[in-house]
Every structure is written in structure tokens, then in C-alpha cells.
1. Average the reciprocal distances over every distinct pair of alpha-carbons in segment 8-65, invert the result, and give the Kirkwood radius in Å.
2. First measure r as the distance between the Cβ atoms of residue 56 and residue 30, then evaluate 1/(1 + (r/R0)^6) with R0 = 35 Å and state the FRET efficiency to the nearest 0.05.
3. Could you go through segment 24-39 in sequence order and give the Karplus-derived ³J(HN,Hα) for each residue, using 6.51 cos²θ - 1.76 cosθ + 1.60 with θ = phi - 60°, rounded to whole Hz, and x for Gly and Pro?
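Coordinate-derived values only; no laboratory data. Fair warning: this is a prediction, and the values are worked out from it, not measured in the lab. Here the Cβ is made from the backbone with ideal geometry for all residues, glycine too, and neighbour counts use every protein chain on show.
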Amino acid sequence: MENQHVEEQMSPEELAQRKEEMKSFYDESAPYLEAQAKYERLLTEIEESRFKRASFQYQYAMMMAQQPEDPNAENETPTDEAPKGRKLKKS
């Protein structure tokens, strides 16, 4: 609203000069904004890649945690016997 009030007080020549100054400012700023946009896109791509990699690592860890270490370990029952091929010494 304040901007509209200021425009009403400006002469048509002053308003045209003001518009030209604004256009010039925006034209000069555009390359910097484009560079910043490119920079932000690259950062986003990096963050997305990091997120995907972390997700895959998490999924792999969960998958490995569900599998037994030795597939034959479930079928074996622990016994008090000494391993075959070794004899215990009597004291």
C-alpha cells in the first residue's frame, strides 16, 4: 500500500525512470540468481544421493539382521561333547 501511495506522488517521468532502474537492477542480478539456482540444484542432488545411499544401507542391514549367520546353525543342538578329533586330558 505504501508503494502505491509513493507511485501516485511521482510524475510519469519519475515513474518511468524508477521502472527503468528496477529493470536494470533485475537484469544485472539475474546471472547471480541463476548461478545460485544451479548451486542449490546441485546441493539437492547431493542430498538426495546421500539419502538414497543411507536408505539402501539401512535396508541391507535390516535384511542381514533377519538372516541367520550359518544356515546349518538352526539344525544343530548344543551338546556337552568335546569336538571330534580332540581328547580331553585327565588331571
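1. Details: mean 1/r = 0.0641 Å⁻¹.
The Cα-based Kirkwood calculation yields 15.6 Å.
2. After rounding, the FRET efficiency stands at 0.35.
3. My calculation for segment 24-39 gives 4, 4, 5, 4, 6, 7, 3, x, 5, 5, 5, 5, 5, 4, 4, 4 Hz in order.
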